[in-house]
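Participant: Below is the structure I would like to discuss, written out as structure tokens.
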Amino acid sequence: MTRPARAGPEAPAGGPAPAGQQAGRRRGLQLGLASLWLLDAMLQGQSFMFSRNFARMLTAAARGSPAAVSGPGNWAAHLIGQHPAAANSAFVAVQLLLALGIAWRPRSRSPWRPRCPGRSLSGGSARGWAACSRPAPASSPAPRAR
């Protein structure tokens with residue numbers, strides 16, 4: 001005896017999840033990752049990180065590591081030791097930009113994105129311009145005026 005298909009947004013036990021549910025999970029993972037980057041930026045912004053002691057700590061951590069790890073670690077520690085405030089400010093800025101870039105969802109069309117998919121920034125091809133000048137087919141909804 002076969003079971004009837006379920007009606008509604010839930011997928012059968014063995015089937016894929018609905019698109020809205022997958023998008024919600026993906027967005028949750030994105031916000032979790034953005035939160036981790038924000039936490040990292042907050043920890044990087046501590047006063048200890050703006051001192052030369054941070055560079056000394058990096059040098060001590062790289063001391064027992066293999067050459068492939070200790071070489072770049074010592075180089076970074078030397079660079080940070082020369083200009084600790086500038087280097088750490090750059091680290092905090094990059095981490096904040098990563099967090100905001102992952103968490104931000106644009107609500108409107110970007111002014112730099114072409115309005116027509118066939119049109120490029122350099123002028124587009126004849127096919128691209130022709131596709132933009134034709135009216136939309138009757139079966140598709142009319143585009144909204146902006």
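The values are calculated or read from the model by the stated rules, or taken from the named source; none is laboratory data. Just so it is clear, the structure is predicted and the values come from calculations on it, not from any experiment. We place every Cβ from the backbone using ideal geometry, glycine too, and count neighbours over all the protein chains shown.
Participant: Suppose the filter is modelled with pLDDT of 95 or more, of a type outside the set (Phe, Trp, Tyr) and assigned to a helix (DSSP H, G or I); does Ser70 pass it?
Facilitator: no
Participant: What is the number of the single condition among (1) at pLDDT 90 or above; (2) over 29 Å from Arg25 (Cα atoms); (3) assigned to a helix (DSSP H, G or I) that Ser65 does not meet?
Facilitator: (3)
Participant: Could I ask something else about it? For segment 40-56, give me each residue that is in a helix (DSSP H, G or I) and either within 30 Å of the chain's Cα centre (by Cα) or closer than 13 Å to Leu79 by Cβ (or both).
Facilitator: Result: Asp40, Ala41, Met42, Leu43, Gln44, Ser47, Phe48, Met49, Phe50, Arg52, Phe54, Ala55.
Participant: Taking the options Arg115, Arg105, name whichever one is within 30 Å of Gly24 (Cα to Cα) and modelled with pLDDT under 70.
Facilitator: Arg115
Participant: Pairs needed: first member in segment 15-29, modelled with pLDDT under 85 and of a type outside the set (S, T, N, Q); second member anywhere, assigned to a helix (DSSP H, G or I) and exposed (fewer than 12 other Cβ atoms within 10 Å of the Cβ); C-beta distance under 9 Å; at least 6 residues apart or different chains.
Facilitator: Pro16/Gln22; Ala17/Arg25
Participant: Being surrounded by 15 or more Cβ atoms within 10 Å (Cβ to Cβ) and touching a residue at least 24 places away in the same chain (Cβ under 8 Å) is the filter here; which residues of segment 52-81 pass it?
Facilitator: The answer is Phe54, Ala55, Ile80, Gly81.
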